[in-house]
Amino acid sequence: MNLLQVNDISHSYGSRKFFDWKGNSSKKVLENVSFTIDEGTCFGMLGSSGAGKSTLGKVILGLEQPLSGKVLFQGHDFYTADKHIRHKIRRELQVVFQDSYSSVNPRLTAERIIAEPLENYEKLTIAEQKRTVIHLLERVGLSETDMKKYPHQFSGGQLQRINIARAISLKPKLIVLDESVSSLDMLNKNLILDLLMELKEEYGLSYFFITHDIKAAYTISDTLGILDKGKLVEFYDSKSQFFSSEHHVVKEMRDSILAEHPRNRSIRIKYETT
């Protein structure tokens, strides 16, 4: 069953130039993008910097209204639905951003950070809320002793686990993961990816996984889309399809992959002849 439908989304940003001699008043960042995400699946959106991935994520989250097209979540258009439906959608649709530190209030403890959605949507007693927060901390690999710590007392990987705990606290249907492992080292990246896959199975979650990291994309994604200059140019249902594709954008991405250990990396030097 389709959980999310993105239909012909196009979007532009206004030109920041004071004088625009060519008459170009806007920059197109998304052009007729369409895809669906089924319940319990992960749709990976792979693309280079500036491809429009994060803008697309904002459109899906209801943070950036597109110029044209529709975003349907469980059959409801986020941008035309009434207040009650939008409130329900916001509960079912959560996000984990790339920068774990800027995603939280530095003055709040881990307990308060995770409890924030619960306070907005649930009517729990103090004891019930505390038990829920402890359970969520433990589920993402932390402990009750971390409850009273502040963001600066955690590593980047630990703080991203807190952001994930906050995102799953309401048991949403869909989580947008916007470059959520890109700033982590290899070890923490793999640990977080393993955690995300476990939570997906346990909670029946769906993910919209935005990334420029090819290995992360095919590790977690059931379906993979390639975004290039605002256009969705390719779809893949398997890792083998991606690695056998002859599309020039995909071939460039594959050529950019480095081996995990420096000793296995090769440097290609092109010599020009005169």
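Can you check what the Kirkwood hydrodynamic radius comes to for the stretch 24-121, Cα pairs only, in Å to one decimal? If you can, show how the numbers build up before the last one.
Working: mean 1/r = 0.0627 Å⁻¹.
Roughly 15.9 Å, rounded to one decimal.
Per DSSP H run of n ≥ 4, the term is -39500 (n - 2.57); total these for the chain, divide by its residue number, and report the mean residue ellipticity at 222 nm rounded to 500 deg cm²/dmol. Walk me through the numbers before you get to the answer.
Details: 9 runs with 97 residues, N = 274.
About -10500 deg cm²/dmol.
Between beta-carbons, use under 15 Å as the cut-off and find the net charge around GLY75, counting Lys and Arg +1, Asp and Glu -1. Write down the numbers at each step before the final one.
Numbers: positive: LYS70, ARG86, LYS88, LYS173; negative: ASP38, GLU39, ASP77, ASP82, GLU92.
Result for the local shell: -1.
Which net charge results when you count Lys and Arg as +1 and Asp and Glu as -1 among the other residues whose beta-carbon is under 13 Å from that of GLY62?
On the way: positive: LYS58, LYS70, LYS83, ARG86, LYS88, ARG90, ARG91; negative: GLU64, ASP77, GLU92.
Value of the local net charge: +4.
Over the residues of the stretch 104-168, compute the C-alpha Rg and express it relative to 2.2 N^0.38 Å.
On the way: Rg = 10.7 Å, N = 65, 2.2 N^0.38 = 10.7 Å.
After normalising by residue count via 2.2 N^0.38 Å, the value is 1.00.
Whole-Hz ³J(HN,Hα) for each residue in the stretch 113-129, computed from phi via Karplus 6.51 cos²θ - 1.76 cosθ + 1.60 with θ = phi - 60°, x for glycine and proline: what do you get?
So the Karplus estimates, Gly and Pro as x, are 4, 5, 7, 3, x, 5, 5, 7, 10, 10, 10, 9, 6, 4, 5, 5, 5 Hz.
Using the Cβ atoms and a cut-off under 12 Å, what net charge is assigned to the surroundings of GLY52, where Lys and Arg are +1 and Asp and Glu are -1? Intermediate values should be presented prior to the final figure.
On the way: positive: LYS27, LYS28, LYS53, LYS58, LYS229, LYS231; negative: GLU31, GLU64, ASP228.
Summing Lys and Arg as +1 and Asp and Glu as -1 gives +3.
Would you mind giving the three semi-axes, in whole Å and largest first, of the ellipsoid equivalent to the stretch 168-214 according to its Cα gyration tensor?
On the way: eigenvalues 75, 30, 14 Å².
Those come to 19, 12, 8 Å.
Determine one quarter of the surface area of the Cα convex hull of the stretch 40-188, which equals its mean projected area, and express it in nm² to one decimal.
The Cα convex hull of the stretch 40-188, projected and averaged over all directions, gives 10.2 nm².
Name the most mobile residue of ALA127, ALA216, ALA165, meaning the one with the largest mean-square fluctuation, in a Gaussian network model of the chain with Cα contacts below 10 Å.
ALA127
Going by alpha carbons, how many degrees (0 to 90, nearest 10) lie between the helix axis of 186-203 and the longest principal axis of the chain?
Helix 186-203 and the main axis of the chain meet at about 60 degrees.
Tell me which label goes with the value of Cα extents along the principal axes in Å computed from the coordinates here: [x] 50, 38, 33; [y] 75, 52, 43; [z] 64, 48, 41.
Recomputing Cα extents along the principal axes in Å here picks out [y].
Amide H to amide H, which residues 5 or more places from VAL140 or on other chains are under 5 Å from it, using H placed in the peptide plane?
Those lying under 5 Å, H to H, from VAL140: there are none.
Applying a 10 Å radius around every beta-carbon, put 221-234, 108-121 in order of their mean neighbour count, most first.
Numbers: 221-234: 19.9, 108-121: 18.1.
Highest mean packing first, the order is 221-234, 108-121.
Among ASP38, ASP82, ASP146, which one moves the most in a GNM of the chain with springs linking Cα atoms closer than 10 Å?
Comparing ASP38, ASP82, ASP146 in the GNM, the peak value goes to ASP82.
A short reminder: the numbers here are calculations on the coordinates, not readings from a lab. Everything numeric in this text was worked out from a predicted model, so none of it was measured. We place every Cβ from the backbone using ideal geometry, glycine too, and count neighbours over all the protein chains shown.
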